[in-house]
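Just below is one structure, and these are the notes that go with it.
The values are calculated or read from the model by the stated rules, or taken from the named source; none is laboratory data. Worth saying up front: this structure is predicted, and the values here are computed from it rather than measured. All Cβ positions, even for glycine, are placed from backbone atoms using ideal geometry, and neighbour counts span all protein chains on display. Areas reflect the complete protein model, heavy atoms only, side chains present, ligands, DNA and RNA absent. Shrake-Rupley method; radii C 1.70, N 1.55, O 1.52, S 1.80 Å.
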Amino acid sequence: MGAPGAPQASTQRARWLALAAGAGLEVAMVLSWSAGFVGVRFATDYAPIFLILLWRSLVSGLLLLPLALLAGPRMRGKDVLQQVAFGALAMAGYLAGYSLAIAHGAPTGIVALITDMLPLAVALLSWPVLGQALSARQWLGTGLGVAGVLIASAWSTGHTDTSAWVYLWPVLGTTLLALASLLQKRSASGAMPVYQSLCIQCLSAAVIFAGFAWHEGSVLPVLKREFIGGILWLVFIATFGAWGLYYLALQKFSPARVTAILYLSPPVTMVWAWTLFQEPLSWAMALGLAVSLLGVLLVARAQKPGH
């Protein structure tokens, strides 16, 4: 007969292992989410921005294509067209928005901060798109989120050569992603596995980026190890890693918790950018982060379950 405390010790050990696994998942998700901004910043030193986005999207889509076609379920034309539209509006718009800002000199961490205002954009657009009016707490949270972004970006504009209009690119990209997410939520089309939808969206975005890359000068990859390494980083860590961990986190945690976790990516991105590219850090940026975090948390907690 085992010792009386053995079952209790086993249960406690399992609980600690579960907590450690959850914490590891959260850390990996934050790091991989931040990697997208850092990877784009690195690659812009070696190639035009739309060439980078073209090969990131094309390689990601082609690698997922065999799985999407062979692992099922069978894709219906209606659902495929919806994902094509979603990829054109959301993925192409979102990636181009924040990447153009970085390419035009906006601090990488500030760009990450603006794009992490996605919950606020979703809440605001839910009113005209889904007919869901905002509560007083959501309005307050949205105001705080915008105020935090203005605090951080205003300091950055005053201490760098970046024009204020550059920050409109990530605002536009985040708005397009929020709009596409709400339109997809309202759509009656059937659900599709992540690997299928991500494959279609990547290939759709690649077609759009190919046109802009051709206008920039060429669609051929730059045969340098820095460019190839940057694309592989963006494909495997920033695309497969970030999105895969994001959906896994949504299965284990509440949407409000995932939103709060992802908000750690802007400060992580700021530290990476400061370490790798000598981008500035300041108390104004830290204050803006804190104010925006409070706003995001207010909006997330005010959302109805399942929203």
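Return the FRET efficiency for the residue pair Ala290, Asp45: r is the Cβ-Cβ distance, R0 is 51 Å, and the value is rounded to the nearest 0.05.
Numbers: r = 31 Å, r/R0 = 0.61.
The computed FRET efficiency comes out at 0.95.
Return the label of the correct value of Rg/Rh (Cα atoms, Kirkwood Rh), as calculated from the structure shown, out of [x] 1.00; [y] 1.07; [z] 0.97.
[x]
Name the residue, out of Gln196, Gln82, Gln278, whose mean-square fluctuation peaks in a Gaussian network model built on the chain with Cα pairs under 10 Å.
Per the Cα network of the chain with a 10 Å cutoff, Gln278 tops the list.
Using a 1.4 angstrom probe on the protein heavy atoms only, could you order His215, His104 from most to least accessible area? Mind dumping the intermediate values first?
On the way: His215 165, His104 95 Å².
Ranking His215, His104 by accessible area, largest first, yields His215, His104.
Roughly speaking, to the nearest percent, how much of segment 58-110's 1.4 Å accessible area is carbon and sulfur?
Values: 1670 of 2310 Å².
Ligands and nucleic acids excluded, carbon and sulfur reach 72 percent.
Note down the accessible area of Glu216, probe 1.4 Å, to the nearest 10 Å².
Near enough 80 Å² of accessible area.
Once you keep just the Cα pairs under 8 angstrom separated by 6 or more residues, what percentage relative contact order results for the chain? Numbers along the way, then the final one.
Values: 411 pairs, mean separation 119.5, N = 307.
Reported as a whole number, the value is 39 percent.
I'd like to check one number: the per residue accessible area of the chain, probe 1.4 Å, reported in Å² as a whole number. Intermediate results must be reported in sequence, preceding the final value.
Numbers: 15250 Å² over 307 residues.
Averaged over the residues of the chain, the accessible area is 50 Å².
Between Thr115, Thr275, Thr174, which gets the highest mean-square fluctuation from a Gaussian network model of the chain, Cα cutoff 10 Å?
Comparing Thr115, Thr275, Thr174 in a Gaussian network model of the chain, the most mobile one is Thr275.
In segment 193-302, carbon and sulfur make up what percent of the accessible area (probe 1.4 Å)?
Values: 4030 of 5630 Å².
Answer for segment 193-302: carbon and sulfur cover 72 percent of the accessible area.
Gaussian network model of the chain, Cα springs within a sub-10 Å range: biggest mean-square fluctuation belongs to which of Gly24, Gly295, Gly244?
Gly24
Using a Förster distance of 30 angstrom, determine the FRET efficiency expected from the C-beta separation of Thr275 and Val194, and round it to 0.05. The partial results should precede the final answer.
Details: r = 32 Å, r/R0 = 1.06.
The pair Thr275/Val194 has a calculated efficiency of 0.40.
Need one value: the accessible area of Asp45 in square angstrom, 1.4 angstrom probe, rounded to the nearest 10.
90 Å²
With every protein chain in place, what's the accessible area of Leu289 (1.4 Å probe, Å², nearest 10)?
Near enough 20 Å² of accessible area.
What are the membrane-span-like helices in the chain by this rule: whole DSSP H runs, Cα extent along the axis at least 24 Å, mean Kyte-Doolittle hydropathy at least -0.5? Mind showing how you got there, number by number?
Working: long enough: 6-43 (54 Å, 0.67); 49-70 (33 Å, 2.30); 136-159 (35 Å, 0.56); 168-186 (27 Å, 0.92); 194-216 (32 Å, 1.08); 283-302 (29 Å, 1.96).
Membrane-span-like by this rule: 6-43, 49-70, 136-159, 168-186, 194-216, 283-302.
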